[in-house]
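First up is the structure itself, then whatever we jot down about it.
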Amino acid sequence: MVYTSSIINNTLLKDVTYSYKDFKPIIGCNPDAEIVAVPVDSPYKSLEDLFKAAKTQTIKVATPGHSSGHHIRAMNMARLMGLNFEYIHNDSAAMQLSGLMGGHCDVAFMTVSEAAGTILDGKAVGLGVMAVERDPALPDVPTFLEEGYKGWIDGANRGIACRVDVPDDIYQYLVSEFQKICTSDAYVDAMIKAGATPGAQTPEEYQNYIDFTAEGIEALKPELQS
């Protein structure tokens with residue numbers, strides 16, 4: 001099955017009959033990194049500018065909806081870094097970008113694939129991406145790591161998973177085969193052509209993403225459900 005952060009969110013925030021722990025990752029195949037974007041006329045020219053201001057004043061953050069992955073990532077950042085964020089919830093990434101370009105918010109949390117076109121058109125500015133390396137779609141936008149913020153590797157990280165009780169020999173076969181697929185030229189080329197980021201994270205790397213996401217949601221659960 002395709003595994004996304006929605007599986008984790010639904011487990012911890014909604015009444016569902018499964019747990020995110022009922023599955024184990026095979027591969028992370030589409031690491032669509034989170035990006036922090038601001039209007040072109042923003043006074044914040046770097047992540048440092050933004051975070052410094054957010055410690056002493058309220059920053060208006062656009063999200064695509066309450067309890068969305070982007071909302072949770074922004075809340076988690078505010079919690080861990082002591083930032084003052086006020087959230088403006090929208091119904092889509094398009095509405096986020098409209099609000100950003102119209103000056104109705106200070107910053108937007110979204111994925112690279114959602115923001116790249118607007119940033120490349122010069123209608124918004126990316127301050128940082130939550131990835132190990134710069135995203136090929138936005139090579140001029142630095143990573144959080146480059147800017148001195150360690151540990152911020154996050155986004156709509158999509159992968160493939162199976163039931164946790166799949167026999168180990170079958171599981172190992174699936175891991176091996178999906179590694180071959182996701183590192184093939186055909187896969188990489190097709191993903192780039194579709195405007196998506198290719199990836200081939202190991203089960204351990206993808207599990208780290210799952211654990212980090214779940215930890216953040218657990219910490220924010222009382223606030224999210226209030």
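The values are calculated or read from the model by the stated rules, or taken from the named source; none is laboratory data. Given the structure is predicted, the values throughout are model-derived calculations rather than measurements. Positions of Cβ are backbone-derived with ideal geometry, glycine not excepted, and every protein chain shown enters the neighbour counts.
If I ask for residues that are among the hydroxyl-bearing types (Ser, Thr, Tyr) and in a helix (DSSP H, G or I), which ones from segment 188-213 would you list? Those that are among the hydroxyl-bearing types (Ser, Thr, Tyr) and in a helix (DSSP H, G or I): Tyr206, Tyr209, Thr213.
Give the residue that is nearest to Pro25 (Cα to Cα), with candidates limited to residues of segment 178-226 that are of a type in the set (Val, Ile, Thr) and touching a Cys at 6+ places or on another chain (Cβ under 9 Å). Even if it seems obvious, please write down each step before you answer.
First, pick out the residues of segment 178-226 that are of a type in the set (Val, Ile, Thr): 181, 183, 188, 192, 197, 202, 210, 213, 217.
Now restrict to residues that are touching a Cys at 6+ places or on another chain (Cβ under 9 Å): 181, 188.
Values: Ile181: 15, Val188: 20 Å.
The selected residue is Ile181.
Would you call Lys14 surrounded by fewer than 20 Cβ atoms within 10 Å (Cβ to Cβ), assigned by TED's automatic domain parsing to the domain that holds Tyr173 and of a type in the set (Lys, Arg)? It is true that Lys14 is surrounded by fewer than 20 Cβ atoms within 10 Å (Cβ to Cβ), assigned by TED's automatic domain parsing to the domain that holds Tyr173 and of a type in the set (Lys, Arg).
What about Ala156, is it out of contact with any Cys (no Cβ under 7 Å at 6 or more places or on another chain) and assigned to a helix (DSSP H, G or I)?
Values: out of contact with any Cys (no Cβ under 7 Å at 6 or more places or on another chain): yes; assigned to a helix (DSSP H, G or I): no.
No, not satisfied.
Given the condition over 16 Å from Gln201 (Cβ atoms) and in contact with a strand residue (DSSP E or B) (Cβ under 7 Å, 6 or more places away or on another chain), answer yes or no: does some residue in segment 176-183 qualify? No, that holds for no residue.
Among the residues of segment 195-225, just one is at pLDDT 85 or above, under 30 Å from Leu120 (Cβ atoms) and aliphatic (A, V, I, L, M), namely Ala200. Being more than 25 Å from Thr202 (Cβ to Cβ), outside any strand (DSSP E or B) and of a type outside the set (Asp, Glu) is the requirement here; does Val141 meet it? Yes, satisfied.
When we screen Ser6, Ser67 for residues that are surrounded by fewer than 21 Cβ atoms within 10 Å (Cβ to Cβ) and under 28 Å from Tyr187 (Cβ atoms), the only hit is Ser6.
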